[in-house]
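Below: the structure, in structure tokens.
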Amino acid sequence: MLDICREIASEVQAAVKPLIGVARGEKIDAAAEETVLRLLSETEIPMLVVSEESGRVMLGETPKYICVLDPVDGSFNAAHNIPIYSISIAFARYKPSATLQDIEFGLVKNLATGEVFEAAKGKKSTCDGKNISTSQREDLTTSTLCIYLQKNIREIRLLQKLKGVRALGSIALELCYAARGDYEGLVDLRGCLRNIDVAAGKLILEEAGGVVSDESGKALKTSIHEVNTLSIVASANEKLHKKVLEVI
Ligand SMILES: [Mg+2]
């Protein structure tokens, strides 16, 4: 399935290239999604596609897989030619109860730089074919996290304890950068993140040694049968994860 993801990501990169920095985010999203749906249907593998624009699309009958797709994560950045936007594709074997925990393959490609992050369940995550691992930092005072703030700034205690804070505008890529050890994780408690944004990045971070849960430390059991929203806490390692959860 990762072969299919790679081919799709390359074609989407080519399809959106002329639109970057000139078209509106919606137009870039639509062009990308149309490309992905065409290529997925050409595989003739029966599957349920859950995607940003179209919601649920059934390709063929008796689906074998669920494809959880964000054709462009970071449309704002793409529209403004800020080189942090990506395609996120994840696959789970089809079952009626499938959740984010069931994702088996994930690929995130930075559509500006061409960098590719991949994971298959049980195997080490890679960036451009090389194994990657999360940061070993276990203390908040030496850690940098991507944080998306709620309006009531419930995260203020966490902000005060950290070394640094970032918000780059593409959740899928932000999870991958944490997987590579660039910084120590991501916190988004707004409850408006979507399963399609995190499906691939979550697996890539976990297979690189990271930990992903909801705000109470529970596994993300969000259904992937349709677009759903959630909050996440993602950390480079178990010890840091506990410390982040204690503060929030
Ligand atoms: Mg999108």
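Throughout, read-outs are computed from the coordinates displayed, never taken from laboratory work. The structure displayed is predicted, hence computed values, not measured ones. Virtual Cβ from ideal backbone geometry, glycine too; neighbours counted across all protein chains shown.
Describe numerically, in nm with one decimal, the distance between label points set 7 Å from Cα along Cα→Cβ at ILE45 and at ASN228.
So the two model labels end up 2.3 nm from each other.
Set the bar at 22 Å for Cα to Cα. Now go through LYS109/LYS130; LYS17/LYS123; LYS218/LYS243 and name every pair that lies beyond it.
Checking Cα-Cα distances, LYS17/LYS123 exceed 22 Å.
Which length gain, in nm to one decimal place, applies between GLN101 and MET58 when the Cα-Cα distance is subtracted from 0.36 nm times their residue separation?
13.4 nm
For the range 1-43, what class follows from the C-alpha gyration tensor (a ≥ b ≥ c being the square roots of its eigenvalues): rounded when a/c is under 1.5, otherwise prolate if a/b is larger than b/c, else oblate?
Prolate.
Is the range 2-131 rounded, prolate or oblate when judged by the Cα gyration tensor, a ≥ b ≥ c being the square roots of its eigenvalues, rounded requiring a/c under 1.5 and prolate requiring a/b larger than b/c?
oblate
For a bin width of 10 Å, list the pair-distance distribution of the range 140-247 built from all Cα-Cα distances, rounded to whole %.
Reading the bins upward from 0: 16, 54, 28, 2.
Hey, what did the chain get for relative contact order, percent, Cα under 8 Å, at least 6 apart?
With pairs under 8 Å counted, the relative contact order is 19 percent.
Over the chain, with a Gaussian network built from C-alpha contacts below 10 Å, which listed residue (SER231, SER133, SER41) shows the highest mean-square fluctuation?
Largest GNM mean-square fluctuation: SER41.
Tell me, what is the FRET efficiency for LYS121 and ALA14 to the nearest 0.05, using R0 = 35 angstrom and their Cβ-Cβ distance as r?
0.75
When a/c reaches 1.5 or more, the comparison of a/b and b/c decides; with that in mind, is the chain rounded, prolate or oblate per its Cα gyration tensor?
prolate
Which whole-number percent is the relative contact order of the range 2-131 (Cα, under 8 Å, 6+ apart)?
19 percent
Which of HIS241, HIS80, HIS225 has the fewest other C-beta atoms within 10 Å, and how do the rest follow up to the most?
HIS80, HIS225, HIS241
For ARG24 and GLN136 in one chain, what is 0.36 nm times their gap in residues minus the Cα-Cα distance, to one decimal in nm?
My answer for the length gained is 36.4 nm.
From the phi of every residue in the range 142-155, what ³J(HN,Hα) in whole Hz does the Karplus formula 6.51 cos²θ - 1.76 cosθ + 1.60 yield, where θ is phi - 60° and glycine or proline is x?
Using θ = phi - 60°, the values come out as 10, 9, 10, 10, 7, 9, 9, 8, 7, 5, 7, 6, 5, 7 Hz.
Give, in nm to one decimal, the length gained when the segment between GLU238 and GLN160 is fully stretched (0.36 nm per residue of separation minus the Cα-Cα distance).
Working it through step by step, the gained length comes to 26.0 nm.
Spelling out what I want: for every residue of the range 161-176, take phi, set θ = phi - 60°, compute 6.51 cos²θ - 1.76 cosθ + 1.60 (Karplus), and round to whole Hz; glycine and proline get x.
Each residue of the range 161-176 in turn: 8, 7, 6, x, 9, 9, 8, 9, x, 9, 4, 4, 5, 4, 5, 5 Hz.
Loop-only check: which trypsin sites (Lys or Arg not before Pro) in the range 21-67 are DSSP coil with at most 16 other Cβ within 10 angstrom?
ARG24, LYS64
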